Amino acid sequence: MDETERRNNYRVDAPTGFLREVAVWRDRAVAGNRLSLEELGAPDAVGMAGGGGIAVTDVSTRGLRLRLWADVARRLRFESGGALPSGEMHVYLKLLSPAPCAETRYCTLFLGARVTHVEHADGGVLLGLHITSRGVPEKADKAFRMFDAGRYGVKELTRWCDEVARMGRGILPAPSPGLDLEHLLAEIDAVHACGDVQANRN
């Protein structure tokens, strides 16, 4: 496997605290590769800093794995077994860069995805997603232009995965376990979410 192919197959665990925001939409039709905010509407589920019922457990250049709490799984209609859903999902991600001197502090992406795996475990659902498209904001309208990303993945995710891998090898500093004042409300959400998970397990 050459370097390009290896990087295209990167998969890393998502370190706690590096997911700042995640939002999920189900079954939004995209006509002519264009999706307006009016057509997109409000997300079906939202998480802040790993709270709110959604967590990203690992990331690759071509896919994501999400953990959905039971109430979010029901809202997104993943509460029962059976055939994989055929409708496309859309995911918004705001990931904090692990690199202390990164040009941009955040990696923000709007992605189209296909569900490839559904596993019921630990009072929720593990959801495997293959990225099929990425949305680029239009300059003159409140809309996304969707571009194919199924074959080569998303270069920003490749860079983010590379930074996380370098952090894991000690090349970059490990994430601080302390409080991030810039995201105080998200930090509070995350603490409450962790407390709820522990209570459900006990």
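Numerical summary
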item: Residues being in contact with a helix residue (DSSP H, G or I) (Cβ under 8 Å, 6 or more places away or on another chain) and β-branched (Val, Ile, Thr) - total across the range 141-168; result: 1
item: Residue that is nearest to Val115 (Cα to Cα) [pool: residues in the range 7-31 that are open to solvent by less than 30 Å² (accessible area, probe 1.4 Å) and modelled with pLDDT of 75 or more]; result: Arg26
item: Within the range 32-53, considering residues that are over 18 Å from Arg114 (Cβ atoms) and part of a strand (DSSP E or B), the one modelled with the lowest pLDDT; result: Met48
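Conditions (1) assigned to a loop (DSSP other than H, G, I, E, B); (2) among the basic types (Lys, Arg); (3) at pLDDT below 85, marked per residue:
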| site | (1), (2), (3) |
| --- | --- |
| Gly112 | no, no, no |
| His120 | no, no, no |
| Asp141 | yes, no, no |
| Phe147 | no, no, no |
| Pro177 | yes, no, yes |
| Leu184 | no, no, yes |
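The values are calculated or read from the model by the stated rules, or taken from the named source; none is laboratory data. Quick caveat, the model's predicted, so the values are computed rather than measured. Because the Cβ atoms are built from the backbone with ideal geometry, glycine has one as well, and the counts that use them run over all protein chains shown. Just the protein is used for accessible areas: all its heavy atoms, side chains included, with ligands, DNA and RNA removed. Shrake-Rupley method; radii C 1.70, N 1.55, O 1.52, S 1.80 Å.
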